[in-house]
Amino acid sequence: MKKYILHILIVAGIIAGTSSCKGFLDTTPTDSVVAETAMSNLFDAGVVVNGLYTDIKYYTYYGRDLIYMGDMRADNLYPRVIGGQSATIYTLEYESEANTYFGLWTNFYTTLMRANTLLENIEKLEVESASDVATKNDYHGQALAVRAFVYHDIARLYGYPYLKDNGASLGAVILTSPASPSEAKIPRSTVAETYAQALADLDAALPLLSKSKNTGHFNYWAARLLQARIMLYKGDYAGAYTAATDVINNSPYSLVSNANYLDYWGHEGQDETVLELIVTNQGDIDNDGGFIAMFHHLWFNDLNAAASIIPTKKWRDLFANTPNDVRAQMIQYDDPATGVKKTGEYWLNKFPGNKDRGYTFRRNNPHIFRITEAYLIAAEAGLETGATAAASNYLNAVRKRADPTAANVTATLALVQTERQKEFIGEGHRFFDVMRRGGTITRNMATDEHDYAGSSQYKASFSWDYEKVVLPISNNERVSYPELQQNPGYKN
């Protein structure tokens, strides 16, 4: 079996993507990603570790598509007009035979092959000092955590929610060696088996990872928060509560203040951010300088912005009765007479660009884990396990950070979900939050004229029973890998 040894892509913190700009119509199958250079020392291993994050921040993953899958398939964001890439996602009108526009599967297995390469070679490195042993262990733990992270994303995009059928639907092709899926000839495992692999990887990673802050990389606390997230999706509420409260009580991270909330998004390495992905001029997320990233499409206040994605009226209306909520200030109006683009639309002013590096709105670090998520996981899991008082405390901490004038409330699952919807817009949570609990997403043009997916032409209301809540395996992947099973409801 041919082995894939990761090509060294990063030196001294400079991150480079693949050699060509991967467009939305990328048709390269996963096993075209070949790597050549083996690790020989800890420096090489550090370079390889940095490379684990390269494709995760690309626009065909957390730079755009994963966020669209979480926010645009739900009721947080929508395209301004019918047509184009984002409209296909918004309306869930994707088909397997026309599905080469999803680069997610390719990016998933590129990253997994890199992680597996590191895991296969890391123990061969000879180290002597205690410091080198700790570094080697941390690199090992990061590779395991990244692998767990990717497997969970595969499961929630290509498999049905765990609680729908106890994980019986198809999930990932589980690989633990640096071979491509099509070479390994392994069929897809179930969602339950995929979750089990991810949680096993985290169990192995946690004792190895550093508990110190490590901006741009997994550390112990990011892995612990990932563990809490996976357990929440799985319905292991006791485990989710324990992991989330561990992060809240023992990590070096804390909620940013109300006064600093809006400014927080423009700076990296902040105390609230448990894991972010570093985007730099030296390692662009695309060859157009960020044009293809989500952030270019979310913003209007620049003549060069794409200005094609706006927050839904439903999301904006969440703040109708809470004018002091700082998150309401992220809604910005483009006046039709005096505005920059004169659209007469409301826009999301959440991601201003990384001001620490002097970047415009086009370059933001994707925020993968914030300690805010730990609070809201603890609130939800606390309610599910009978810890109502503690759940209320965690929920109110987030609510009162956003609005210091807000009265304390007794937590309910509905209030937790509303708070998650308010807090995580543009971070890719909403669709999965609704689906994982068996909820329904409804679009309605009568209440929002922009909500064109609420017309009779599209499926205006759906739950986890709708086959298109899972993505199809694309035609190009199945051509190169016939053993790859298609999801129900799509053409083989």
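No lab work stands behind these numbers, since they all come straight from the coordinates. Predicted model, so just to flag it, every value in this text is computed and none were measured. Cβ coordinates were reconstructed from backbone atoms using ideal geometry, including for glycine residues, and neighbour counts include every protein chain displayed.
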Legend entry - Reachable aspartates and glutamates, given that their alpha-carbon falls under 13 Å from the alpha-carbon of Lys350 and they are not under 8 places away in the same chain: Asp263, Glu423, Glu427
Inset, instruction - Using every pair of alpha-carbon atoms in region 281-357, split the distances into 10 Å bins beginning at 0 and state the percent of pairs per bin, rounded to integers. - result: 17, 44, 30, 9, 1
Inset, instruction - Rank the residues Ser177, Ser86, Ser40 as a footprinting-exposure proxy: fewest other Cβ atoms within 10 Å of their Cβ go first. - result: Ser40, Ser177, Ser86
Legend entry - Computed FRET value (nearest 0.05) for Val340 with Asp465, which takes r as the C-beta separation and R₀ as 51 Å: 0.75
Legend entry - Largest to smallest principal axis extent of the C-alpha atoms in the chain, angstrom: 62, 49, 46
Legend entry - Over the chain: helical MRE at 222 nm, DSSP H runs n ≥ 4 each giving -39500 (n - 2.57), nearest 500: -11500 deg cm²/dmol
Inset, instruction - May I ask you to sort Leu277, Leu318, Leu225 by Cβ crowding, counting other Cβ atoms within 10 Å and putting the fewest first? - result: Leu318, Leu277, Leu225
Inset, instruction - Give me Asp65, Asp334 ranked fewest to most by other Cβ atoms within 10 Å of their Cβ, as a rough exposure proxy. - result: Asp334, Asp65
Legend entry - Radius of gyration and maximum dimension Dmax of region 140-202, Cα, Å: 11.4, 34
Legend entry - At R0 = 25 Å, FRET efficiency that the Cβ-Cβ distance of Gln457 and Asn492 yields, to 0.05: 0.45
Inset, instruction - Quick one: which residues, 5+ away or cross-chain, put their amide H under 5 Å from the amide H of Ala172? H built at 1.01 Å from N. - result: Ser189, Thr194
Inset, instruction - Please identify which residues in region 334-348 have an amide N closer than 20 Å to a label point set 7 Å out from the Cα of Leu303, following the Cα→Cβ vector. - result: 334-345
Legend entry - Mean shadow area of region 58-151, taken as a quarter of the surface of its Cα convex hull (nm²): 7.9 nm²
Inset, instruction - Note down the nm distance, to one decimal, between modelled labels 7 Å out along Cα→Cβ at Thr322 and at His450. - result: 2.0 nm
Inset, instruction - Go through 158-164, 107-113 and give me the packing order, highest mean Cβ count within 10 Å leading. - result: 107-113, 158-164
Inset, instruction - Report the FRET efficiency, 1/(1 + (r/R0)^6), for Ala134 and Ala238, where r is their Cβ-Cβ distance and R0 is 45 Å, rounded to 0.05. - result: 0.90
